[in-house]
Amino acid sequence: DVSTLLANADMAMYRAKALGRNRISEYSADLGETAVARFEIEKGMRLGFENNEFHLYYQPKIEFSSGKMLGVEALIRWHHPTLGVVGPDRFIAIAESTNFILPLGKWVIEQACRQSKAWQDARLPRFSIAVNLSANQLADASLVQYVSDALRTSGADPSLIELEITETTIMKNLDEAVIRLQALRALGVRISIDDFGTGYSSLSYLKQLPVDILKVDRSFVKDLPHNRDDLAITRAVIAMAHGLSMKVVAEGVEEKCQFDSLRDEGCDEFQGFFCSPAMQTAELEALLRRHGVVIPPQS
């Protein structure tokens with residue numbers, strides 16, 4: 001019937017757009033199944049948000065020279081009533097495409113600010129909380145205002161809040177990104193560029209941005225120190241960042257050889273399973289009570 005044909009054609013059209021546009025895509029049964037699964041995730045997300053099913057986990061960021069935890073990255077998880085703990089790879093892309101990322105991202109910032117203040121009040125050691133910003137959030141005209149509101153209402157120290165933006169997100173509209181990041185920096189928060197080196201080859205934009213931290217993407221870390229190209233790129237990123245008075249954090253450190261290589265190259269901090277996976281608030285607090293801020297590597 002006509003309505004089914006049009007619905008199936010729509011699915012094929014959206015698939016063509018998702019693959020980069022300017023191409024032909026034909027409807028198939030598996031495409032329909034994917035669309036149904038996507039719809040179920042989208043519907044479940046909104047219901048889960050109302051039912052407080054989303055939680056923040058925290059992955060420590062460790063200083064190479066001292067072994068101290070200087071910060072954590074806040075990572076969202078969905079505690080689904082039937083699927084269990086669902087990682088962001090299952091729902092973030094859908095949240096971005098439907099703009100649900102805006103209320104969800106706002107909640108993450110508010111939650112991180114409240115948690116930072118709670119840890120300050122509990123007299124735990126001072127450490128930062130990093131929060132990821134999506135392209136939709138950076139393009140949102142209300143971003144600076146709601147970050148300001150979250151800081152004010154929570155009482156969190158702005159210097160302990162770090163906002164992470166991917167290189168690709170920044171380059172979608174560099175001029176607007178510079179203005180918005182400068183306004184965020186004026187609030188007292190720190191700015192970091194995530195997944196550095198995976199987006200654009202031009203480095204001239206870096207000097208325009210109010211950036212405190214560069215994060216070396218895990219794709220350059222996973223084959224260290226054996227891959228000479230990755231080692232050369234990592235060495236260059238560290239040297240450049242230090243020349244621009246930026247700190248460097250390596251992501252995805254899982255093995256001692258990676259740790260040793262990055263430490264020898266002068267990287268400032270790292271995060272990854274070699275030290276700790278992301279954990280819930282109570283787990284992190286228990287870890288700090290056992291070890292203080294010096295967190296030993298995983299055995």
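The values are calculated or read from the model by the stated rules, or taken from the named source; none is laboratory data. Note that the structure is a prediction, hence the values are computed from the model and not measured. Neighbour counts are summed over all protein chains in view; Cβ atoms, including those assigned to glycine, are modelled from backbone coordinates with ideal geometry. The accessibility values were calculated without ligands, DNA or RNA, using every heavy atom of the protein model including side chains. Shrake-Rupley method; radii C 1.70, N 1.55, O 1.52, S 1.80 Å.
Identify the residue in the range 241-256 that is over 11 Å from Val221 (Cβ atoms) and not small (Gly, Ala, Ser) and, among all such residues, is modelled with the lowest pLDDT.
Applying the filter and picking the extreme gives Leu244.
I'm trying to understand the selection: among the residues of the range 80-102, which are on the phi > 0 side of the Ramachandran plot and touching a residue at least 24 places away in the same chain (Cβ under 8 Å)?
Correct list: Asn99 only.
Output the residues belonging to the range 183-216 that are out of contact with any strand residue (DSSP E or B) (no Cβ under 9 Å at 6 or more places or on another chain), open to solvent by 10 Å² or more (accessible area, probe 1.4 Å) and in a helix (DSSP H, G or I).
Once the filter is applied, which keeps residues that are out of contact with any strand residue (DSSP E or B) (no Cβ under 9 Å at 6 or more places or on another chain), open to solvent by 10 Å² or more (accessible area, probe 1.4 Å) and in a helix (DSSP H, G or I), the range 183-216 yields Ala183, Ala186, Ser204, Lys207, Gln208.
Yes or no: Glu50 under 30 Å from Leu160 (Cβ atoms), open to solvent by 100 Å² or more (accessible area, probe 1.4 Å) and modelled with pLDDT of 80 or more?
When the stated conditions are applied, Glu50 passes them.
Given the residues Leu209, Leu203, Leu184, Leu174, which is the only one that is out of contact with any Gly (no Cβ under 8 Å at 6 or more places or on another chain) and farther than 27 Å from Gln271 by Cα?
Matching residue, one of Leu209, Leu203, Leu184, Leu174: Leu174.
To keep it simple, each residue is scored yes or no on (1) open to solvent by 30 Å² or more (accessible area, probe 1.4 Å); (2) modelled with pLDDT under 95; (3) hydroxyl-bearing (Ser, Thr, Tyr).
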site	(1), (2), (3)
Gly20	yes, yes, no
Ala29	yes, yes, no
Arg38	yes, yes, no
Glu42	yes, yes, no
Leu56	no, no, no
Gln59	no, no, no
Gly67	no, yes, no
